[in-house]
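A.B. asks: Handing you this structure, nothing more for now.
What follows draws every value from the coordinates through simple rules; no lab data is involved. Everything numeric in this text was worked out from a predicted model, so none of it was measured. So basically every Cβ, Gly included, is an ideal-geometry build from the backbone, and we count neighbours across all protein chains shown.
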Amino acid sequence: MDATHRYTAPDAVARYRSLALLAGGDFLVAGVVLAYTLGSYAGYGGFVQVFRSYLVGFFFCTGIAVGSLAWLSLGHMTGGAWALTSRRLFEAATRTLPFCLVLFIPVVVSLFVHEGGRSLYEWTDAARVAGDEALKHKQPYLNIPFFVVRGVIYFAAWFFLANLLNRWSAEQDTTGDPRLRRKMQDISGVVILVVGLTATFAAFDWGMSLEPHWFSTIYGLIVLSGWGLSALAFVITVATFLRHHEPMNDAYQPLHFHDWGKLLLTLV
């Protein structure tokens, strides 16, 4: 496929996309109702349980986008057939980061929801903080304004770096300038470092602070590995689908799937 050819997704993609949106909407409504009902019945607080369940989905969706950014930069640094053939899929996944930022809004809303003496994040309850020395000690970090600011910073960093790599990649397709490959390779080291740090702190904020009395120095690495696993599994699934349609049926060969599978096993 030459650089001037604009790829058009198979018609089946539009069909499955419509079905996915419809199914997603139905499951969202059913999930909210079920989580609220079970949460109320179990005494956890209906809306608190809704947000707790939502947080799992938010983690998963954001993990695919951020994990794809990590794989994309790793591919630029190392090269290889696995990176070349999967690059467009990882780039497409990183372009969902603005939507992930929108998905962050309900997480922010959850910070203000207190029901029956329960909260999604214990440190948002002023009464609990006042009676807990550990929470008082962590309050300079675990407070609502700083939590929101950090979240915005994470997404801003991810979006900026993803946009940079996507823009240079598209420019390379148009101009064929070999210097762009070197630029993407050079900045990818910075991307890996930034993603590693921001994803670690995002894991601390969104996940580990659910239990503010518990901590783990390896928690961030575990979450980042999970995000990388989710992103790679997602790309393999999409590539498997595209392999049965023109023109990608000639691009994706068994060798590529073997390479992706080996990488996948390193994270399992």
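A.B. asks: With label points built 7 Å along Cα→Cβ from the Cα atoms of Q185 and I222, find their separation and express it in nm.
C.D. replies: The two pseudo-label positions are separated by 3.8 nm.
A.B. asks: Quick check: Cα centre of the stretch 149-168 to Cα centre of the stretch 54-105, how many Å?
C.D. replies: After rounding, the separation between the Cα centres reads 11 Å.
A.B. asks: Quick one: which of 211-221, 62-72 comes out on top by average Cβ neighbours within 10 Å, and what's the full order, highest first?
C.D. replies: Top to bottom by mean Cβ count within 10 Å: 62-72, 211-221.
A.B. asks: To the nearest 20 debye, what charge dipole does the stretch 43-159 have about its Cα centre, counting +1 at the Cβ of each Lys and Arg and -1 at the Cβ of each Asp and Glu?
C.D. replies: With only Lys, Arg, Asp and Glu charged at Cβ, the dipole is about 280 debye.
A.B. asks: What is the ratio of the Cα radius of gyration of the stretch 196-253 to 2.2 N^0.38 Å, where N is its residue count, to two decimals?
C.D. replies: 1.68
A.B. asks: Next question, about the same structure. Return the calculated 222 nm mean residue ellipticity for the chain, to the nearest 500 deg cm²/dmol, obtained by summing -39500 (n - 2.57) across DSSP H runs with n ≥ 4 and dividing by the residue count.
C.D. replies: -26500 deg cm²/dmol
A.B. asks: Separate question: So if the hydrodynamic radius of the chain is defined as the Kirkwood radius over C-alpha pairs, what does Stokes-Einstein give as its diffusion coefficient at 20 °C and 1.002 mPa s, in µm² per second?
C.D. replies: Working: Rh = 20.5 Å.
In µm²/s, the coefficient is 105.
A.B. asks: Let me ask another. Excluding same-chain residues fewer than 8 positions from K183, which aspartates and glutamates have a Cα within less than 15 Å of its Cα?
C.D. replies: E171, D173
A.B. asks: Let me ask another. Cut-off under 20 Å on the C-alpha distance; same-chain residues fewer than 8 positions from K136 excluded. Which aspartates and glutamates are left, in chain and number order?
C.D. replies: E122, D125, D205, E211
A.B. asks: A follow-up question, please. Sort R181, R88 by Cβ crowding within 10 Å, fewest neighbours at the top.
C.D. replies: On the way: R181 15, R88 18.
Fewest to most other Cβ atoms nearby, the residues stand as R181, R88.
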